[in-house]
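The values are calculated or read from the model by the stated rules, or taken from the named source; none is laboratory data. Since the model is a prediction, treat every value here as computed from it, not as a measurement. Every residue, glycine among them, receives a Cβ derived from its backbone with ideal geometry; neighbour counts consider all protein chains shown. Remember, those area values only see protein heavy atoms, side chains included, never the ligands or the DNA or RNA. Shrake-Rupley method; radii C 1.70, N 1.55, O 1.52, S 1.80 Å.
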Amino acid sequence: MQTIVTVSELRQTLTQARRAGGRVGFVPTMGYLHDGHLALVAASRAQCEVTVVSIFVNPTQFGPNEDLSTYPRDFLRDETLCRDAGVTVLFAPDAQEVYPSQFETYVESGELAKPLCGAFRPGHFRGVATVVCKLFNMVQPDVAFFGQKDFQQCAVVRRMAIDLNLPIEIITVPTVREPDGLAMSSRNRYLSEEERRRALAISRGLLAAVDEFRSGERDVEKLVAIAKRHLEVVDRLQYLELVDGDTLKAAHSPLRRTAALCAAAYVGSTRLIDNVMLALPSP
Ligand code: PAF
């Protein structure tokens, strides 16, 4: 595995790999890797000869009162995990490499970025779309892999790739959960033992709604209410919404199209997100 910190060296290395006929798979991350990230790496390795992982804690996707300065970082551990997972290139640029001085060009997403996290984190998806677009231009992958846990991010990135004619296949990989159901996240490390126990309510609530849906429940209010009962133990429920799986607009009863039940909640001072898909065949 090669660890690279500049765009010029990255380009040189990947040009050679492409000449050798390799498909390039790309896994963008903010580091502090866990099994969810490693599932993205495994998906890339199954489809591509070359797998590039980026580690960059992107300042433009954090709001002024969010956890940019305390976001967990452990580069040496991440490097070992990537090497052991068979990553070809680890790209770890610094902020200056990604955002040169006088940087002023952003990617602005549309309707998909407005609900859910977009409503509570102004500017978040502008930062995500901008950095993902820049990383795509740096790596020029054939395929890019994102985790289902960031359901809205997947929708925004997929739309951006279509709208900006980026010749990149976007693949969403299912959420990896701890054995008790908690969705894996770098932010789980902020949780105390007691908070970790209460955080479980998020996945329990969502999965309880999935059970009811599988038993035939199609009423939006009832499905949301089932999940909400579990979520009473979190400190602040930011949103719990059942939205159309494609448009991310509020779903209507009875459900006739695939929907996503999405939640964001604070447990202590940690903001966690999770979602489940309620899949239906297209009408
Ligand atoms: O999902 C993340 O870790 C980040 O939002 C991403 C896609 C790496 C962009 O900074």
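Brief remarks follow.
- Between the alpha-carbon centres of region 99-153 and region 260-274 there is a gap of 20 Å.
- Ser8/Thr80 FRET efficiency (R0 45 Å; Cβ-Cβ; nearest 0.05): 0.95
- Low-density loop cleavage sites - chymotrypsin sites (Phe, Trp or Tyr not before Pro) in region 104-185, where at most 15 other Cβ are within 10 Å (DSSP): Tyr106
- DSSP-defined beta bridges in the chain - what % are antiparallel, rounded to 5: 50
- Within region 110-156, trypsin sites (Lys or Arg not before Pro) in DSSP loop having at most 11 other beta-carbon neighbours inside 10 Å: none
- For the chain, the convex hull drawn through the C-alpha positions has a volume of 138 cubic angstrom per residue.
- Gain upon complete extension [Asp180, Tyr106; 0.36 nm per residue less C-alpha separation]: 22.7 nm
- Relative contact order of region 132-204, defined on C-alpha pairs under 8 angstrom at six or more residues apart (%): 27
- Given +1 at the Cβ of Lys and Arg, -1 at the Cβ of Asp and Glu and no other charges, the dipole of the chain around its Cα centre is 340 debye to the nearest 20.
- Inter-part distance where region 172-209 and region 220-234 are each reduced to a Cα centre, Å: 16
- What the Cβ-Cβ distance of Leu200 and Phe120 gives, at R0 = 35 Å and to the nearest 0.05, is a FRET efficiency of 0.95.
- Looking at region 1-160, the accessible area is 45 square angstrom per residue; that uses a 1.4 Å probe and ignores ligands, DNA and RNA.
- Each peptide in 74-86, 238-250, 152-164 receives the mean, over its residues, of other Cβ atoms within 10 Å, and ordering these scores from highest gives 152-164, 238-250, 74-86.
- By the rule of a C-alpha distance below 25 Å, with chain neighbours fewer than 8 residues away ignored, the lysines paired with Lys228 are Lys114, Lys149, Lys249.
- Sequence-ordered 3J(HN,Hα) estimates for region 253-267 from the Karplus curve with 6.51, -1.76 and 1.60 and θ = phi - 60° stand at 7, x, 4, 10, 10, 4, 10, 10, 9, 10, 9, 9, 8, 8, 10 Hz, glycine and proline given as x.
- Shape of region 127-213, Cα gyration tensor, a/c cut at 1.5: prolate
- Relative contact order [Cα under 8 Å, 6+ residues apart], region 4-92, whole percent: 37
- With a cut-off of 13 Å between beta carbons, the residues surrounding Gln61 carry a summed charge of 0, where Lys and Arg count +1 and Asp and Glu -1.
- Cα gyration tensor category, rounded, prolate or oblate, for region 15-66 with a/c compared to 1.5: oblate
- The overall shape of region 229-283 is prolate: from the C-alpha gyration tensor, with semi-axes ordered a ≥ b ≥ c, the ratio a/c is 1.5 or greater and a/b exceeds b/c.
- Relative contact order, percent, the chain [alpha-carbon distance under 8 Å, six or more residues apart]: 17
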